[in-house]
Amino acid sequence: MSTAPESTAASSKSIQAFKNCWSCRVISGGGLILSGAYVFSAARRVMRQGASTSMGTVAQITFAAVLAAWGLVIITDPVGKAQRKTT
């Protein structure tokens, strides 16, 4: 019945391994950036065909920007770089 602390410890180790694994961050972040580029190109393709800009197209472009930004955050890992000051 004491599997809860063990499972949280295992998940904590996997999260730490992901944060320290540069290739994991590059692959997942790059995948998100490329996904954002694909969504953006699909929205641009509709606009290039002469269709008017609808709310759906704007939502696609916004979603593409969010995907790309998320990928960039995963690659740069700003949270893991912060060091706690010891006084």
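The values are calculated or read from the model by the stated rules, or taken from the named source; none is laboratory data. Computed from a prediction, not measured in an experiment: that's the story for all the values here. No Cβ is skipped: glycine too gets one built from the backbone with ideal geometry, and neighbour counts run over all protein chains shown. For the accessible areas, the whole protein counts, side chains as well, though only heavy atoms, and no ligand, DNA or RNA atoms are used. Shrake-Rupley method; radii C 1.70, N 1.55, O 1.52, S 1.80 Å.
Could you give the length gained on full extension between V73 and S23, defined as 0.36 nm per residue of separation minus the Cα-Cα distance, in nm?
16.6 nm is the gain from fully extending V73 to S23.
One quarter of the convex hull surface, Cα atoms only: what value does that give for the range 18-82 in nm²?
The orientation-averaged projected area of the Cα hull of the range 18-82 comes to 4.6 nm².
Label T62 and S41 with points 7 Å out from Cα along Cα→Cβ: what is the distance between them in nm?
2.5 nm
How much area per residue is accessible in the range 35-75 when the probe is 1.4 Å and only protein heavy atoms are counted (Å²)?
For the range 35-75, the per-residue accessible area is 67 Å².
Just to check I understand the Karplus step: with θ = phi - 60° and J = 6.51 cos²θ - 1.76 cosθ + 1.60, what whole-Hz values come out for the range 69-76, glycine and proline as x?
Per residue, the Karplus-derived 3J(HN,Hα) values read 5, 5, x, 5, 5, 5, 5, 7 Hz.
Short version: ³J(HN,Hα) in whole Hz for each residue of the range 30-37, in order, from phi by Karplus 6.51 cos²θ - 1.76 cosθ + 1.60 (θ = phi - 60°), x for Gly and Pro, what are they?
x, x, 5, 5, 5, 5, x, 5
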